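Report on one structure; see the data block that follows.
What follows draws every value from the coordinates through simple rules; no lab data is involved. Being a predicted model, the structure only gives us computed values, none of them experimental.
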Amino acid sequence: MVLIHFLTKTDVIIMAGERILVVDDEANIIKALTRILTPQGYDVTAAYNGREGLEKVKQAHADGLDYRVILSDVKMPVMDGPQFIGEMLSYYEAEGVPSPKYIFLSGGMSEDQEARMKALNPFAVLPKPYSIETVLTTVKRASE
């Protein structure tokens with residue numbers, strides 16, 4: 001008798017590690033976070049602005065492969081971090097499922113962006129520059 005096990009989407013998630021979406025308009029920040037998180041077993045996806053991040057969130061959800069944690073810059077062109085997270089939260093609420101935890105990355109912001117960010121009640125806010133230890137500890141806590 002031959003037993004065959006077909007991988008399900010759940011098997012893939014477990015094998016690939018927790019899925020993390022990094023949304024930042026600075027390629028060097030995305031590259032640095034990917035280098036920090038990937039060796040720890042996280043499956044990192046990048047988006048370069050909030051609109052692209054929202055598209056990736058919706059596609060991942062449609063595929064049944066939701067992100068566990070989202071790290072988003074606050075100041076970005078096209079769609080800033082607070083608008084992206086606000087629209088992401090509305091999307092998940094409309095779908096009737098819990099949203100991923102989200103962490104804002106901040107290298108400075110306007111008063112309006114700061115107020116909108118705080119109103120979204122993020123899991124954490126990491127001011128730039130941040131240490132490797134801070135990133136790993138915060139992401140680990142958010143993914144639990």
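Taking a ≥ b ≥ c as the square roots of the Cα gyration tensor eigenvalues, with a/c under 1.5 meaning rounded and otherwise prolate when a/b beats b/c, else oblate, which class fits region 9-143?
Note, shape of region 9-143 comes out oblate.
Using Cα pairs closer than 8 Å and at least 6 residues apart in sequence, work out the relative contact order for region 9-143, in percent.
Contact order relative to length: 22 percent.
Straight-line reach from Lys140: which lysines fall under 18 Å, measuring Cα to Cα and dropping same-chain residues less than 8 apart?
Cα-Cα hits under 18 Å: Lys101.
What whole-number distance in Å separates the alpha-carbon centres of region 32-74 and region 130-144?
For region 32-74 versus region 130-144, the Cα centre distance is 15 Å.
List the aspartates and glutamates whose Cα lies under 17 Å from the Cα of Lys75, skipping any in the same chain that are fewer than 8 positions away.
Within reach: Asp24, Asp25, Glu26, Glu52, Glu87, Glu111, Asp112, Glu114.
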